[in-house]
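Chemist: Quick one: structure below, then a few questions.
What follows draws every value from the coordinates through simple rules; no lab data is involved. A quick note: this is a predicted structure, and the numbers were derived from the prediction, not measured. Here the Cβ positions follow ideal geometry from the backbone for every residue, glycine too, while neighbour counts run over all protein chains shown.
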Amino acid sequence: MFDHIEVFHRPATAHEAVLLLQENGPAGRYVAGGTDLIVQGDRSIRALIDVTRMGLDYIEPRGDECVIGATATMNAIARAPLVREWAGGILARAAATCGSVQIRNMATLGGSLANGSPAADLATPLLAMEARVGLEDSAGRRSVPLTEFYAGERARGALLIEAAIPPPPQAGRAGWSFQKLGRTCCDISLVNVAAGLGLDGDGRVLWARLALGAVAPVPMRAAGAEGLLLGRTLTPELLGEAAETVAREVRPIDDVRASADYRREMAGVFTRRALRECAREAGCA
Amino acid sequence: MKPEDPIVGRSLGKLDGAKLAAGRPAFTDDFPVPGMLVGKILASSRAHARIRSIDTSRAKALPGVRAVLTWQDVPRVPHTTAGQAWPEPSPYDTFLLDSKVRFVGDRVAAVAADTRAIAEEAVRLIEVDYENLPAVLDMEQAMAEGVAVIHDEPDAKGIHDARHNLAGYILKELGDVEAGFREADFVCEREFRTHRQQHCPIEPHVTASWLDPDDRLTILSSTQVPFHARRQVAMILQIPVQRVHVIKPRIGGGFGGKQELLLEDICGALTLATRRPVKIEYTRAEEFFMARSRHPQVLRMKMGVKRDGSITASSLKVLATTGAYGSHALTVQGNTGSKVLPLYRTPNMRFECHVVYTNMPVAGAFRGYGCPQGFFAQESVVDEIAHDLGLDPIEFRRRNLIRLGDLDELSAQLGEGRKGLARTIRSCGMPQCLEEGAAAIGWQEKRQAPPARDGHLRRGVGVACSMQGSSIAGIDWGAALIRMNEDGSFHVMSGASDVGAGADTVMAQIAAETLGVTLDKILVTSGDTDTTPFDVGAYASSTTIISGGAVKKAAEKVRAQIVALGAKFLEVAPEAVVCRDNTVSAADGSGKCISMQDLARRATYKEKMQVMDHASHFITDSPPPFCAQFAEVEVDTDTGQVRVLHLATAIDCGVALNPALAEGQVEGAVAQGIGYGLYEEMAIDGQGVMRNPNFLDYKILAANDMPKLTTILVPTEEPLGPYGAKSIGEVAINGPTPAVANAIFHAIGIRFRKLPIRPEDVLRAWREKNRQEQPAAVTR
Amino acid sequence: MSAIEIDVTVNGAARRWRVAPGDLLLDVLRREGYGGVKRGCESGECGACTILLDGKAVLACLTFAAQADGREVVTIEGLSPDGKLDPLQEAFVEHAAVQCGYCAPGMILSAKALLDERPDPSEAEVREALAGNLCRCTGYVKPVEAVLAAARAKGGAR
């Protein structure tokens, strides 16, 4: 019940939206799809600023990057040919697993990232692809790496404008994977993994990207496991080591969905599965 | 529809199908009444507390608030909320509003206001001063000395031993189980634990009430038991039954959760206080912990067998908790014994059960009604015994199953909480169910070969048998009235409660078949205490056999009137009159006939008579439907997740009066049964608070989670049922959990005896097993 | 509180409503007579409030009424404007896919959105499209059959 909302703004530009938020202070909130905001039922909100009519739903190439506007929906992202071809299509795959068809028609990239859940399925592939996010607030526009967004930038409440994904690393043969563990088919992630590997002709790892969600306060890169893989030849033993390293790096919690121990173990299991898929995609068994 | 086909036994469309598919007004919240207020209940935030004081002044002062009720404003009438025939076999331990709260979610106060927003704000403004009492959350501690007494009120009635939080106690024995166990060559004794499952009807509980111009209290409610609701509301509000009118519209799912008085009394109280229409609808969160749920149990199952596979004795000892109030406490648990143990023949049976109070959400009626718990235990033990004896699980069951002609004497000891009636098995298709179900799952090939494995995936198949009842013998009853309209159509008035399963349609089929007309000539009005005759309501799988039985009897009487008129109009002897396909004709080769339409008009305007009759019906037995269910599962030994690949159900419900509707019951029950075993769980924390009162974290299966379902209707003919029917509403929920558990054992050699079977538990057990078997192996 | 005037096309008819800024589309639709849009959970999990917004299946309980301004809404009532059932609704009735019927309007609209875009779906695609419509009565068996049958029938008619 949102009887406490006093005003509903529908600005036409990001600049207008930013000014409106400033005017309304802590009682103002941006709203896009509403799938998080309405469920959260925060009764302190007095003003809503609908950001879905500002033309931020684009999905387009810009230079050598793939750029996705903040109000592009999960379904639009899942279906966009550009996204489906980018880095093995892991972002498209992740978007296709978020909730139901209805949720995917409503939930947006910006809303999901701004909500800050560590389980957000889009965040993990974006992290693995080293995306940057474009933000705007009273200080103007700026672009920050997604890691920085999670490290503290998000709390400053700037309006999310877009995510810009740089081209994937070119070295070697690339393989990407997105894996998700849920209790049922449509579920919030208990663990999710987005990985990318570049392999040379001998199956040696030229570059490695490994991101995990729902196993730490924010989506994270498993830097230790990535470092472990570099320069080494992929073998089942190496995968096992990587999985064990990841299990040590994650900081999951106990909640009603799963215990921390289970999440930790599954982080390892799904890291192995993701890396195996990367190897297959890269053409190495 | 070919004219010569019978109407019963055909998958004819539901009478209300079009209306529902079109989204036309049908449910309680679809009928707003002018001036309707919104009601809301203030729920306790404490598991166990006395209310020292309630300050409602700020709430009352809020503009738009029309009433605020606390325990001081309403009569104090001990009652049960269970929708059962009077005198109810559940303790009278509940009050409309009380000065004590006994679980998180218990009623503290109620508000009626102009809008939902104002009602919610008013609830927030009520200040309660609680005196916390020690909360009893663990059912295994509830009876201990010195533990807080949950029902210490002097005016509660029917509690077995309130001082020890014992709501009910049952002990029944046939023969001598100790002697039976001594005689056995093998004895298997195991402990099982089951948990809280919630009904999750997609339509939450909702009730509207208003005073009609004659000052009668009209209640429109999503209820399975309109007549019980009428009686209970009258008693609780201290007004005559005559002054209460309960109407049951379409219901968005019940499954037993609406066999309960949850909102009707408080909504009625607010209407009496304001003299305004009031509507209360539970939010989804309230539906989860302020409605009802399945009784959790600890079961100790013991079975003794001889080497030849015969069972010398079976014994079941149960500890259950009913939560804070005792609705259905004795009867659900009674079923755990009475419907479960007699499935296998043995001269020695014993059932003992303690049902305790705890400061937890209240348990109540839920499809299966004590049987899912009991069959989980029994079918697991039976499976284990067969395995240990080297017997085929199907063969072992087949040898010992109850048979046609058998007398189930345990039922005589355990009726609806009191002495019941023995059951005679007059129809039994179980052997064929086992055969066909086994074929459907591919039992032979999958059991003969070693369990299939593919890397970390392991497959297995398992079986479980079960039975239920068809109505509560000697207690459930219903009446029907059938009226002919002047155009040859008929109106069936039945007190029955169609909860969505299609009862109205099945009753119409019975009427049409008996009267000799086509289905489109039958109109049904049901579940209205002013206009329809009495019926206990929809529970105990009674509707087809009891309400349908009443319709058949009434239709036979009406048919006799039609035949008499036909004989008169056609000038033939009554014995020569045939009613079929909307035509009344002479069976004497003369070709004389009259359409039902013309006969009706003549009766109305020439004969000046209303063709109409009624009948009341009950039976003194409860013929069980039988069910053999087979599961094929795939266990992921890396994640512990269990995926059900295929669930096959072969079921004997007598004659399926409407096969498509019968299948629908099986399919829905199987989905709930799989949920019970693997996915659903009410997670209550150490403060008695439910941590997952939402669909995000209480997982019910969605369309893309479902395994392949096969449903096989095995026909038999039940002499006690209308056109040979038994029941099908509940039984198919009993088998999926044990079938899955047995399939998991086949797949990975581990038995799970605690529900739900969670991935974490499977993984832990799998790791443990591998550690024990291969201490030197590298574990990943 | 500043009320908003919104112009919404509902089932082809232009409607103008005064709504509060915090009003949810579910509440507005129900109070404006579209009772086929059901309230089941109010948190976007059960799908009983599914409507089509500009042709896409969305949840009315998670949409602010203000966000529907200038857009096209289809509710279940829009599928049978003259009382005659649409083929998808017919299929649901014929295949006994409607038990209590509470989830049916939402489920049928999800199916419609699927078939409008993908006239020949596989069973897996149907299940995916219906995954956001929880049903406690049917086990989804007959609803899926009904959607596949409706798809075949449409194909046959072409």
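Chemist: What is the distance in Å between the Cα centres of region B:726-755 and region C:122-151?
Modeler: Here the answer is 25 Å between Cα centres.
Chemist: Please work out the Cα convex hull volume for chain B and give it in Å³ per residue.
Modeler: Hull volume normalised by residue count: 172 Å³.
Chemist: Farthest toward the dipole's positive end in region B:483-591, which of B:517, B:555, B:490, given Cβ charges of +1 (Lys, Arg) and -1 (Asp, Glu) about the Cα centre?
Modeler: After comparing all options, I get B:555.
Chemist: Please work out the C-alpha center-to-center distance from region B:338-366 to region A:143-196 and express it in whole Å.
Modeler: Comparing the Cα centres of region B:338-366 and region A:143-196, I get a distance of 51 Å.
Chemist: Additional query: Report the net charge of residues surrounding residue B:428, where surrounding means a beta-carbon distance below 9 angstrom and charges are Lys +1, Arg +1, Asp -1, Glu -1.
Modeler: 0
Chemist: In the protein assembly as shown, with Lys and Arg counted as +1 and Asp and Glu as -1 at Cβ, which of these residues, B:356, A:67, B:31, has the Cα nearest the positive end of the dipole, that is, farthest along it?
Modeler: Most positive-ward Cα: B:356.
Chemist: So, one more: How are the Cα pair distances of region C:115-155 distributed, in percent, across 10 Å bins from 0?
Modeler: Percent of pairs per bin, in order: 30, 57, 13, 0.
Chemist: Hey, got the average number of other protein chain Cβ atoms within 10 angstrom for residues in A:38-47?
Modeler: The mean count of partner-chain Cβ atoms within 10 Å per residue comes to 3.
Chemist: Right, something else. Would you mind working out the magnitude of the charge dipole of chain A relative to its Cα centre, with +1 at each Lys and Arg C-beta and -1 at each Asp and Glu C-beta, to the nearest 20 Debye?
Modeler: Using only the charged Cβ atoms, the result is roughly 380 debye.
Chemist: Expressed as a whole percent, how much of the Cα-Cα distance distribution for the protein assembly as shown exceeds 60 Å?
Modeler: 13
Chemist: Expressed as a whole number of Å, what is the distance separating the alpha-carbon centroids of region A:80-111 and region C:51-108?
Modeler: Cα centroid of region C:51-108 versus Cα centroid of region A:80-111: 25 Å apart.
Chemist: For the pairs B:557/B:726; B:14/B:553; B:157/B:419; B:40/C:112, flag any whose C-alpha to C-alpha distance is greater than 26 Å.
Modeler: Violating the 26 Å limit, Cα to Cα: B:40/C:112.
Chemist: Take the Cβ-Cβ distance between residue C:54 and residue A:23 as r, set R0 to 30 Å, and report the resulting FRET efficiency rounded to the nearest 0.05.
Modeler: Approximately 0.50, to the nearest 0.05.
Chemist: Would you mind working out the magnitude of the charge dipole of region C:87-153 relative to its Cα centre, with +1 at each Lys and Arg C-beta and -1 at each Asp and Glu C-beta, to the nearest 20 Debye?
Modeler: Using Cβ point charges on Lys, Arg, Asp and Glu, region C:87-153 gives about 220 debye.
Chemist: A further question follows. Given +1 on the Cβ of Lys and Arg, -1 on the Cβ of Asp and Glu, and no further charges, what dipole in debye does the protein assembly as shown carry about its Cα centre, rounded to the nearest 20?
Modeler: 320
Chemist: Okay, next question. Around residue B:468, with a cut-off of 10 angstrom between Cβ atoms, what is the net charge of the other residues, counting Lys and Arg +1 and Asp and Glu -1?
Modeler: Here the charged neighbours net out to +2.
Chemist: According to the square roots a ≥ b ≥ c of the eigenvalues of the Cα gyration tensor, what is the shape class of chain A, taking rounded for a/c under 1.5, prolate for a/b larger than b/c otherwise, and oblate for the remainder?
Modeler: Here chain A falls in the prolate category.
Chemist: For region B:164-320, report the translational diffusion coefficient in µm²/s to the nearest whole number, using Stokes-Einstein at 4 °C, 1.567 mPa s, and a Kirkwood Rh over Cα pairs.
Modeler: In µm²/s, the coefficient rounds to 68.
Chemist: Give me C:61, B:579 ranked fewest to most by other Cβ atoms within 10 Å of their Cβ, as a rough exposure proxy.
Modeler: If I rank by nearby Cβ atoms, fewest first, I get B:579, C:61.
Chemist: Let me ask you something else. Averaged across the residues of C:52-59, what count of C-beta atoms belonging to other chains lies within 10 Å of each residue's C-beta?
Modeler: The shielding value for this peptide is 5.
Chemist: Please compute the average number of Cβ atoms from other chains found within 10 Å of each residue's Cβ in peptide C:21-31.
Modeler: For peptide C:21-31, the averaged partner shielding equals 4.
Chemist: Work out the P(r) tail for region C:1-111: percent of alpha carbon pairs separated by more than 17 Å, whole number.
Modeler: In whole percent, the share of Cα-Cα pairs in region C:1-111 beyond 17 Å is 51.
Chemist: Taking the convex hull of the Cα atoms, report for region B:301-387 its projected area averaged over all directions, in nm².
Modeler: Taking the Cα atoms of region B:301-387, their convex hull projects to 5.6 nm² on average.
Chemist: Which one, B:315, B:244, B:628, projects farthest toward the positive side of the charge dipole computed for chain B from Cβ point charges (K/R +1, D/E -1)?
Modeler: It is B:244, whose Cα lies furthest towards the positive end.
Chemist: Rounded, prolate or oblate, given the Cα gyration tensor of region A:128-285, with a/c below 1.5 counting as rounded?
Modeler: oblate
Chemist: Follow-up. When a footprinting reagent is the concern and you count Cβ atoms within 10 Å, what order do B:454, A:255 take, fewest first?
Modeler: Final ranking by Cβ density, sparse to dense: B:454, A:255.
Chemist: For region B:548-595, which GluC sites (Glu not before Pro) are in a loop by DSSP, counting at most 12 other Cβ atoms within 10 Å?
Modeler: Of the GluC sites (Glu not before Pro), the ones in loops of region B:548-595 whose Cβ has at most 12 other Cβ atoms within 10 Å are B:571.
Chemist: Would you please name the trypsin sites (Lys or Arg not before Pro) within region B:282-345 that are DSSP coil residues with at most 16 other C-beta atoms within 10 Å of their C-beta?
Modeler: Qualifying residues, ordered by number: B:306, B:307, B:345.
Chemist: Another question, if that's okay. Run lengths n ≥ 4 of DSSP H only: what is the helix-derived mean residue ellipticity at 222 nm for the protein assembly as shown, with -39500 (n - 2.57) per run over all residues, to the nearest 500?
Modeler: After summing the helix terms and dividing by the residues of the protein assembly as shown, the value is -8500 deg cm²/dmol.
Chemist: Once amide H atoms are built 1.01 Å from N in the peptide plane, which residues 5 or more positions from residue B:712, or in another chain, come under 5 Å H to H?
Modeler: Distant-sequence amide H within range of residue B:712: B:649, B:650, B:651.
Chemist: Using only Cα atoms, figure out Rg for region C:87-153 and give it as a multiple of 2.2 N^0.38 Å.
Modeler: Compared with the compact-globule rule of thumb, region C:87-153 sits at 0.94.
Chemist: Once the mean 1/r over all distinct Cα pairs of region B:1-135 is inverted, what Kirkwood radius in angstroms do you read off?
Modeler: Computed over Cα pairs of region B:1-135, the Kirkwood hydrodynamic radius comes out at 18.5 Å.
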